[in-house]
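One structure below.
The values are calculated or read from the model by the stated rules, or taken from the named source; none is laboratory data. What you see is a predicted model; the values in this text were computed from it and never measured. Reconstructed Cβ throughout: ideal geometry from the backbone, glycine too, with neighbour counts over all protein chains shown. We work out accessible area using only protein heavy atoms, side chains counted, and drop any ligands, DNA or RNA first. Shrake-Rupley method; radii C 1.70, N 1.55, O 1.52, S 1.80 Å.
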Amino acid sequence: MSRVVSAELVPYRLRLRSAHRDARGGFAAREGVLLKLSDESGRVGLGDCAPLPPVTQPLDVCCRALVAEAERLPGMDPVSGFPELMDAPDAGLPTPARAAVEMALGWLAAQELGTTLGRLLASDSPVRPASLVVNALVDAADVAEAIAQAARFSAEGYTVFKVKVGLGADRDAAVLRGLRDRIGPGAVMRIDANGAWSPAEFVAMAPLLHAAGVDLVEQPVAPGVPPAEWARLRWETGLRIAADESLADGARGLELIRAKACDAVVLKPSLLGLAAAARLARAAREAGLEVIVSGAFESGAGFGAALEFAAALGSPGAAHGFATALAVLDDPVVSGVPLPSAGGVELPAAGVLPALVPAESATEALT
């Protein structure tokens, strides 16, 4: 087996086409660092450390931890090291840093074995899909711009729309009414409150959400709300709900899933880590919940891993949250990863394999 011979960190900064806005705040750029592992055969595995505070630890904390971890990787056999890492309990490494190590080792192991990262994540998964359904992302704070975003996606062929809410009752109401008129009765509308509402506020919003034909409400209440309250809210509102931020604490996330207190889970492998996300996905599937996989405005390395994860562990036919990749103006450091188009994304049969852009191009793009 070919062992790791070098570990290198490559910083990146991604600009967004327009500022992202949700109930937690907003940003117009994303910063992270790639872990580049090379083996004795000249193969390269890229891992993405893409923290997103306050959901994860900040970038400086993650980078310090990743530097220390990278020093221990040369000499490791990825074929044995990747499954050992996936089975190992969390040893305190920040989740974005751990995700980077998992991705980089996973891609090296997949190349060595002649398989895909998705197959390594779930060897018992069904036949690999040729493509995945992708939802559009409507995240503009301004009502007119939000409706314009939806119109552009609709014209491009998207039929499932995820709308950021929790940005004020009047704004949310105007956006939901305007969007339903714009995208028509046949389109699927999902909303994401990012935990902005209290239980009482969610109940008060329910009539409007029903009137707008909302299919799924993602993270309507704060992560600390217990499973019994989630179950009560499902019954009282009559709405399907999905957990996202509540899954960041793995133990509490599993409790929510096993109690069947939600209808779906939204997993972001770049923020949770591959191993933790896989445990949650398997528990959700056993509980009969829908598994939706999402990007997190990360680089192509993290996005590529999310695609492989969705191919292996996502629910068949689910609309995944990969429009985040379209929000990035360009990726100055990673190539070779397919992008969504017309409501879907095509998957290479041989597997997604991110590649590093030549150093001179990356350096130029980062300055």
- Among the residues listed as PRO96, PRO58, the single one being touching a Cys at 6+ places or on another chain (Cβ under 7 Å) and closer than 29 Å to ALA23 by Cα: PRO96
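Every residue, every condition in (1) open to solvent by 40 Å² or more (accessible area, probe 1.4 Å); (2) assigned to a strand (DSSP E or B); (3) modelled with pLDDT of 90 or more; (4) touching a Lys or Arg at 6+ places or on another chain (Cβ under 6 Å), yes or no:
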site	(1), (2), (3), (4)
ALA301	no, no, yes, no
GLU308	no, no, yes, no
GLY317	yes, no, yes, no
ALA325	no, no, yes, no
ASP331	yes, no, no, no
PRO338	no, no, yes, no
PRO348	yes, no, yes, no
ALA362	no, no, no, no
- Item | Scope region 119-140; condition polar (S, T, N, Q) and open to solvent by 20 Å² or more (accessible area, probe 1.4 Å); matching residues | SER123, SER131
- Query: Given ARG234, ARG171, which one is closer than 30 Å to ALA251 by Cα, over 22 Å from the mean Cα position of the chain (by Cα) and not aliphatic (A, V, I, L, M)?
  - Reply: ARG234
- For region 147-166, does any single residue satisfy the condition of being open to solvent by 40 Å² or more (accessible area, probe 1.4 Å), closer than 19 Å to ALA305 by Cα and assigned to a helix (DSSP H, G or I)? no
- Item | Hits in region 167-177 (condition: open to solvent by 10 Å² or more (accessible area, probe 1.4 Å) and closer than 18 Å to GLY195 by Cα) | LEU167, GLY168, ALA169, ASP170, ARG171, ALA173
- Query: Among (1) more than 19 Å from VAL266 (Cβ to Cβ); (2) at pLDDT 95 or above; (3) assigned to a helix (DSSP H, G or I), which single condition is ARG177 missing?
  - Reply: (2)
- Only one of (1) closer than 23 Å to ALA278 by Cβ; (2) exposed (fewer than 13 other Cβ atoms within 10 Å of the Cβ) is not met by ASP60, so which one is it? (1)
